[in-house]
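The values are calculated or read from the model by the stated rules, or taken from the named source; none is laboratory data. From a predicted model like this one, the values you see are computed outputs, not experimental measurements. FYI the Cβ positions are ideal-geometry reconstructions off the backbone, even for glycines, and counts take in every protein chain you see. Note: areas computed on protein heavy atoms with side chains; ligands, DNA, RNA excluded. Shrake-Rupley method; radii C 1.70, N 1.55, O 1.52, S 1.80 Å.
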Amino acid sequence: MTGPLALLDSASLYFRSFYALPDSMTAPDGTPVNAVRGFTDTIARILTDRRPSRLVACLDADWRPKFRTDLLPSYKAHRVAEPGDGGADVEEVPDTLTPQVPIILEVLEAFGFAVAEADGYEADDVIGALATREKDAPVEVITGDRDLFQLVREEPTPTSVVYVGKGWAKAEVLGQREIAEKYGVPAEHAGPAYADMAALRGDPSDGLPGVAGIGEKTAAKLITQFGSLEELVAAASAGDSRVPLKTRLRLSDAADYLAVAPTVVRVAVDAQVVQSGPDAVPAAPADPKRVAELAERWNLGRSVDRLLAALPGA
């Protein structure tokens, strides 16, 4: 049986590896490699536990896209280390993580895993575009961030999220039914409903203010009742008695935010994705010599061994 297409939220995974493993894991030259080893181990676990036939490591070409910040300047503003001079803002990243990212990309290339990005877009958008376009196989989105819960669906191609926010050992596989049960949104369109609920609720970690006084449970109840954020706002604006007066006032006070929130929160499934090569999981490394060199240079021994053993041709 053909396995799923695994779409990796790469930055989410290597950030979590970085914080989960000690920076005492170093290369012979002293460079920390905890994120590299953790990320490599994560791919091995994905291949062993989820058995995908295809895999794409999705990257941020722009972690804070202009089309989002033009609408909502607060979007991820608290993570800016320094403003971009005519280009993208520089994200605040731990000093010992930054040099590990190029090594991760080298490991992916040497093994022959596909990577993908889209100019001016985040990895979330790349994942959303690839998931939406997939017609042949079930899709599994591997991430530690809840933003991508909005992609779950049953038709035309089943898409679920393997959520690793609590580590791989506690990974949760979430589809429409699970998201509906977890957040109290309607199962038949749990993905879009989650996005609307998230916009209404807000998310300080992404600089989304939400609507003051409306928490997660109230947001889910309102979206379930009215079907979408747009319908809720329209009902409130029309003085619909089903929207309590206090809620109408809160929505009115947040009108400017609500006008732009859907575009900021929802993944841009029309992103023009550029992919490095075929997404089939390699049966063997594309460049075995390079894999061996990287393993020795960066002290990746057991992590690389585990990934080699997890390849379908091993």
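Potential lengthening of the chain between E154 and A292 amounts to 45.6 nm, from the contour at 0.36 nm per residue minus the alpha-carbon distance. Note that the range 46-55 has calculated 3J(HN,Hα) couplings of 4, 5, 6, 8, 9, 6, x, 8, 9, 8 Hz, one per residue in order, obtained from phi through the Karplus relation 6.51 cos²θ - 1.76 cosθ + 1.60 (θ = phi - 60°); glycine and proline are x. With the whole protein complex present, M25 retains an accessible surface near 50 Å², based on a 1.4 Å probe. The eigenvalues of the Cα gyration tensor, multiplied by 5 and square-rooted, give the chain an equivalent ellipsoid with semi-axes of 37, 22, 16 Å from largest to smallest. On a per residue basis, the chain carries 47 Å² of accessible surface, using protein heavy atoms and a 1.4 Å probe.
What ratio of Cα Rg to 2.2 N^0.38 Å holds for the range 193-265?
0.97
Give me the compactness ratio for the range 243-305, meaning the Cα radius of gyration over 2.2 N^0.38 Å.
Numbers: Rg = 24.9 Å, N = 63, 2.2 N^0.38 = 10.6 Å.
The value comes to 2.34.
Going by accessible area, probe 1.4 Å, with all protein chains left in place, what is the ranking of E172, E140, largest first?
Details: E172 55, E140 20 Å².
The most accessible residue leads, giving E172, E140.
Neighbours of L21 by Cβ distance under 13 Å: Lys/Arg scored +1, Asp/Glu scored -1, total +1. Give the calculated FRET efficiency between K170 and S237 to the nearest 0.05, with a Förster radius of 35 Å applied to their Cβ-Cβ distance. Efficiency for this residue pair is about 0.25. Fully extending the segment from L249 to V93 would add 52.2 nm, taking 0.36 nm per residue of separation and subtracting the current Cα-Cα distance.
In nm, what is the difference between 0.36 nm times the number of residues separating T48 and S24 and their Cα-Cα distance?
Working it through step by step, the gained length comes to 5.9 nm.
What FRET efficiency comes out for the pair T31/A280, r = Cβ-Cβ distance, R0 = 51 Å, nearest 0.05? After rounding to 0.05, the efficiency reads 0.95. Other residues within the sphere of radius under 14 Å centred on the Cβ of T157, judged by their own Cβ, net out at -1 (K and R +1, D and E -1).
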